[in-house]
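The values are calculated or read from the model by the stated rules, or taken from the named source; none is laboratory data. Note that the structure is a prediction, hence the values are computed from the model and not measured. FYI the Cβ positions are ideal-geometry reconstructions off the backbone, even for glycines, and counts take in every protein chain you see. Note: areas computed on protein heavy atoms with side chains; ligands, DNA, RNA excluded. Shrake-Rupley method; radii C 1.70, N 1.55, O 1.52, S 1.80 Å.
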Amino acid sequence: MGPGRMRRVGQRAAGTDHRVRVVVVRFLLVASLVAAGLKLVQVQGFEASALAAKAERQRREEIAIPATRGSIVDRNGVELAFNVDTVAIAYRPNGQRAVIDKFNQKNPTKKMSFDVETASIARDMARVLGSAVNEQDLLTKLRSDSTYVYLAQDVEPAKARELSQKHGELNMENRARREYPGGSLASNVVGFANWRMDGPAQKQGVHGLFGLEMLRDNALAGQPGSQYVWTESGTDVVIPGSSQDYRPAVDGADIELTIDADLQYFLQQKAAEYARRSQAKSVSAVVLDAKTGEVYALANDKSFDPNATTGLGPGADNDAAVTTPYEPGSVNKVVTAMASIEYGVTTPEAVHVVDGSIRVADRQVDDAWPHGKVDMTTTGIFAKSSNVGTLMLAQQVGPDRYAALLDKLGLGKRTGVGLPGESAGRVPPRSQWSGSTFGNLPIGQGLSMTVLQMAGMYQTIANDGVRVPPRIIKAKIAPDGTRTEEPRPEGVRVVSPETARTTRDMLRAVVQKAPNQNSGTGPAAAVTGYQVSGKTGTAQQYDQAAGHYSNTLYWITFAGILPADSPRFVVGMVYDTPAYSTPDGHSSAPFFHDVASFLAQRYNIPLSKEPSPIVRLVGP
């Protein structure tokens, strides 16, 4: 084969290789186009909605607009709790590092320094916020390996604006702080609220933890608003002018209470004072309007300052005046007094031969002082707090009528006052009474009640026989000023007006001081110029360890009405385990005297037209 032939064969081989390459390239190009087309069909046809939503989620962000929480005010409009606008200042260390690195790559001749920036922020924050922050602590947070750190809380808006204008990289979150201007004033009633971060952004804000702040949280908190904004490439940087779908917040309503802040303060101070004087474990007291049942004050000797959050220790949310029942002792004798008059068993002046003890079923009940047979008037039985005389009258009333009266008085049931954690107390069901049960109940043992329930019994006779369940919330006031009164409970007719007035008159003798053993058990409760009705009480506490009632541990109680001839207020108080052998631990009548004197002065209560008559209690 010659050289020329060789060239033609080589040329054909080269041409064949070229055509193969062209075919392969064309095939690959077509395959790529087909794959791209299929992917486009998949994206536009099958995944379009999901991808569009994902893209929108990356760029469209919902911003919550907090509502202003309503205030809690007393019956005269004095603010007990209100919101103060604040700002929380935060920073994004890792994000800001990335921003600075990106800037430095694009501007090699104008490089920024992360350390210089953070040092400037820490220095300016320390200057503006003063002792509220520590510059070194700020630097540690600013330079941390974190996505988001809080640098300061509860910052005044004006100071936050000053810092934001100088350091736009700081994140400013609008917040609020709950202020309690009276400190511990009515803290047992009002409770506590703070800024809550748990839950979605739309639910974040100031919310109650206990007390009325918790119970009425929905009304106080209002409804947060919202708006949507667009951010740059999925970052947190909001594009100016991108807000849309704006829904304004609806501010919360104010809650107006029935309490009087000045009286509440006085009662709290006195409860603490008498707890110290009597060496009691605790003291609780309540003041009710005699006609409406409105709570003018409800106090315990122990309270807390909700402004000092570090002080919210165990038991801070316990309002003993409504949560802690006790055996009332002789203040419960008012039930027998009402029943014996209502059912015609006796009259105030009727004389009874009362022995020093009485047997009821398998137990013997003694009077608090030793005596033989003594002539006592019906008034004297209650004024001198004779257990024996009371049980004699109760037996004539009978257990069925007595049980029915306990039910009408609301004992064993919650009052519905409007406070959380209220106890119903306990009254044994009539079907479970044994023979000795009726030797306990009329003298105030074997049943329990709160100081609020105890005061409610005396509100009944102060209101001519109609019990009005107590309430502590007066009205709700909307942001536009619209006022919605709280529903008033229906009164319950317990006894006739005549029975109520007669019982009230008999109990005036409890505070009388007279010769020849005609003094009542509580003359220290008397208030010069006013008729006062009331009843002292001493109840033995049950000793669980010993399995019987103690001879050294007592509940000391008093319930009274001012003035007795034209009732305006009812006051009740209880001491838990005072030093019974001391004068201050033996009776709570002096506490009533102090409260009644304050009420007479504060509310300009007219003097009684005539003093209470001195009546015969013992003797022929």
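For beta carbons closer than 8 Å, sequence separation of 6+ or different chains, a first residue in segment 592-617 that is under 24 Å from Leu288 (Cβ atoms) and a second that is open to solvent by 60 Å² or more (accessible area, probe 1.4 Å), the qualifying pairs are Leu599/Arg568; Arg602/Asp262; Tyr603/Arg568; Ile605/Arg568; Pro606/Ser566; Ser608/Asp565; Ser608/Ser566; Lys609/Asp565. Of all residues in segment 507-519, count the ones that are loosely packed, with under 14 Cβ neighbours inside 10 Å and touching a Pro at 6+ places or on another chain (Cβ under 8 Å). Here the count works out to 1.
Of all the residues in segment 520-551, those that are assigned to a strand (DSSP E or B), open to solvent by 10 Å² or more (accessible area, probe 1.4 Å) and aliphatic (A, V, I, L, M) number 1.
Set side by side, the residues Ala160, Ala219, Ala193, Ala186 differ, and just one is more than 23 Å from Glu422 (Cα to Cα) and of a type in the set (Gly, Ala, Ser), which is Ala160. When Ala545, Ala559, Ala589 are checked against the criterion of being without any contact (Cβ under 8 Å) to a residue 40 or more places away in the chain and closer than 27 Å to Ser448 by Cβ, a single residue qualifies: Ala545. Counting only helices (runs of 4 or more DSSP H) that sit completely within segment 341-446, those holding 2 or more residues that are touching a residue at least 12 places away in the same chain (Cβ under 8 Å) and surrounded by fewer than 20 Cβ atoms within 10 Å (Cβ to Cβ) correspond to 387-397, 399-408. Just checking, does segment 353-374 include any residue being within 30 Å of Val466 (Cα to Cα) and among the small types (Gly, Ala, Ser)? Within segment 353-374 (the criterion being within 30 Å of Val466 (Cα to Cα) and among the small types (Gly, Ala, Ser)), the answer is no, since none of the residues qualifies. Does Gln453 qualify as being among the polar types (S, T, N, Q), outside any strand (DSSP E or B) and within 25 Å of the chain's Cα centre (by Cα)? Here the answer is yes, as Gln453 does meet what is asked.
In segment 572-602, the residue that is farthest from Gln264 (Cα to Cα) out of those that are assigned to a loop (DSSP other than H, G, I, E, B) and modelled with pLDDT under 95 is Ser581. Arg123 falls short on exactly one of the conditions (1) part of a helix (DSSP H, G or I); (2) open to solvent by less than 70 Å² (accessible area, probe 1.4 Å), and that condition is (2). Within segment 147-200, the residues that satisfy the criterion of being more than 30 Å from Leu212 (Cα to Cα) and either in a helix (DSSP H, G or I) or β-branched (Val, Ile, Thr) (or both) are Thr147, Val149, Ala158, Lys159, Ala160, Arg161, Glu162, Leu163, Ser164, Gln165, Lys166. Among (1) assigned to a loop (DSSP other than H, G, I, E, B); (2) surrounded by fewer than 16 Cβ atoms within 10 Å (Cβ to Cβ), which single condition is Ile605 missing? Exception for Ile605: condition (2).
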